[in-house]
2 protein chains.
Amino acid sequence: MRHQYYEQLDRIIDDLVRVTDRVRRSVGEATSALLDTDVPTAERVISAGGDIETAVDEIEERALVLLATQQPVATDLRQLVATLRMVADLQRMSALAVHVAKIARRRAPEAAVPSPVRPLIGDMARVGDAMIASASRIVAGRDLDAAAELELEDDRMDRLRRDLFRVLLDSDWEHGVDTAIDLALLGRYYERIGDHAVSMGRRVVFLVTGEMPVG
Amino acid sequence: MRHQYYEQLDRIIDDLVRVTDRVRRSVGEATSALLDTDVPTAERVISAGGDIETAVDEIEERALVLLATQQPVATDLRQLVATLRMVADLQRMSALAVHVAKIARRRAPEAAVPSPVRPLIGDMARVGDAMIASASRIVAGRDLDAAAELELEDDRMDRLRRDLFRVLLDSDWEHGVDTAIDLALLGRYYERIGDHAVSMGRRVVFLVTGEMPVG
């Protein structure tokens, strides 16, 4: 019975890692759609949002069935509850990738990101990507070194968001209010994607150490 | 044993309703701070964020203990898992109220919301308030009429967000890029507060009917 429990839990965690990697790809594609003004890629991210939601719902359902049938206690219980929380993080990250793709699609054929801020948005996307990769590694292997890295990447993301806002608020800004608003929202979306990666990482750290890292 | 279980579950739900009402007050105060450029009130919302987090953590902990010790199955299990998900919604709503308060504090003594958009922001805040009130009623009494209302309020919130963006993007906009960005973020924050209220409502509807309403 216990053996079967761990087997099923392992499969749920494998799927969680797989969906995390799938979400990471969505965020990457959304960024390409944004920076290359690539509408077909934007459409692909938007429609993949539904598939990811289905995959995530399935993981949630299986975690609930496992909870109900095997009635784990202590750490095993916390592990399953953490899984349910991470499922919610993945749902939100996928929705945020869809938001990014929708801005790319709405602004096309115009570029949503004017040249002066392309490096900044590129950096935010890269840090976000690294953060999801770290979260995936942590969930897969309880790699606590990646957790420390994730906190550093989170600081980097915050700095990039502040840099972006400084550019938008500069009196030299000449790309209009509409572009500034889209960029402010894009900055917020990437920051939130990173926040959810941090939240996933912290859930695992908490499971392993019993201590929630101070954010 | 079962009797004790329901007693504890009822207490958890009472506390969930109490924290929902506390979050509702925070959102209301954040709006006052914003519209009246009232820094002390903004500070109060920001520091209340920590108290709400503590209250929410306590509910989560008690739900976990109940899960572990009473090992509910079927509907009882789903109820507890829904509670854990609602706890996450409340955390986010409280964080969003703090974001609103921080914009009010940062812009003071200048008003963050210029006169032409005050009615719109006021309406968003009012709809958001009604949505949290509906969520609270649904959680407290499984009032499914309030759930239908919540979906209508959600549509209203979406329309208000679109109206707000139309004003910000109008070529007559004369309040600068910085104000437009803050307002775009404020619009997003109120919209997300509403989304979390909808998500709480839907969790209860799902418990009662077994069907997730189509969003």
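In this label model, B:L144 and A:E58 are separated by 3.0 nm, measuring between points 7 Å along each Cα→Cβ vector.
For chain B, the membrane-span-like helices by this rule, meaning whole DSSP H stretches whose C-alpha atoms cover at least 27 Å of axis and whose Kyte-Doolittle mean is 0.0 or above, are B:39-70, B:74-107, B:118-141, B:176-209; this says nothing about an actual membrane. The distance between label points at B:S32 and B:L152 comes to 2.9 nm (points 7 Å beyond Cα on the Cα→Cβ vector). For the residues of A:181-190, the average number of beta carbons from a partner chain within 10 Å of their own beta carbon is 4. Here the relative contact order of segment B:29-108, from alpha carbon pairs under 8 Å that lie six or more residues apart, stands at 56 percent. A dipole drawn for segment B:1-149 from +1 and -1 charges on Cβ atoms has a positive end, and of B:A68, B:V56, B:A42 the residue lying farthest that way is B:A42. Closest approach to the axis carrying B onto A, counted by Cβ on chain B and given in whole Å with its residue, is B:Q71, 2. Legend: mean number of C-beta atoms from other chains within 10 angstrom of residue C-beta atoms, peptide B:67-74, equals 4. Distances between copies at A:R126, taken between label points 7 Å from Cα along the C-beta direction, are 4.9 nm in increasing order.
Would any residue of segment B:109-129 have its amide N under 20 Å from a label point 7 Å out along Cα→Cβ of B:R166? List them or say none. Inside the label zone: B:114-128. Sequence-distant contacts, meaning Cα pairs under 8 Å at least 6 residues apart, place the relative contact order of chain B at 27 percent. Position B:T54: other-copy label points at 4.7 nm, ordered by increasing distance, label point 7 Å along Cα→C-beta.
Where in segment B:52-90 does the label zone of B:R25 land, with the point 7 angstrom along Cα→C-beta and an amide N cut-off under 14 Å? In segment B:52-90, the label zone of B:R25 (backbone N under 14 Å from the point 7 Å along Cα→Cβ) covers B:52-53, B:55. If the segment from A:R18 to A:S115 were pulled out straight at 0.36 nm per residue, it would be longer than the present Cα-Cα gap by 31.5 nm. Each Lys and Arg Cβ is given +1 and each Asp and Glu Cβ -1; about its Cα centre, segment A:75-200 then shows a dipole of about 460 debye.
Computed from the C-beta positions of B:F206 and B:E174 and an R0 of 56 Å, the FRET efficiency is 0.75 to the nearest 0.05.
Could you let me know the centre-to-centre spacing of segment B:118-180 and segment B:1-61, using Cα atoms, in angstrom? First find each Cα centre; the distance between them is then 20 Å. For chain B, the mean residue ellipticity at 222 nm estimated from helices alone is -31000 deg cm²/dmol, where every DSSP H run of n ≥ 4 contributes -39500 (n - 2.57) and the total is divided by all residues, rounded to the nearest 500. Per residue of peptide A:159-169, the mean number of Cβ atoms on other chains within 10 Å of the residue Cβ is 1. When you work out D = kT/(6 pi eta Rh) for chain B at 20 °C and 1.002 mPa s, using the Kirkwood radius from C-alpha pairs as Rh and the Stokes-Einstein form, the result is 119 µm²/s. Each copy carries a label point for A:A68 at 7 Å from Cα along the beta-carbon vector; from one copy to the others these points are 2.4 nm apart, nearest first. Counting Lys +1, Arg +1, Asp -1, Glu -1, what net charge surrounds A:R159 among other residues with beta carbon under 13 Å of its beta carbon? Charge balance near A:R159 sits at -3.
A short reminder: the numbers here are calculations on the coordinates, not readings from a lab. This structure is a prediction, so every number in the text was calculated from the model and none was measured. Glycine gets a Cβ as well: all are built from the backbone with ideal geometry, and neighbour counts include every protein chain shown.
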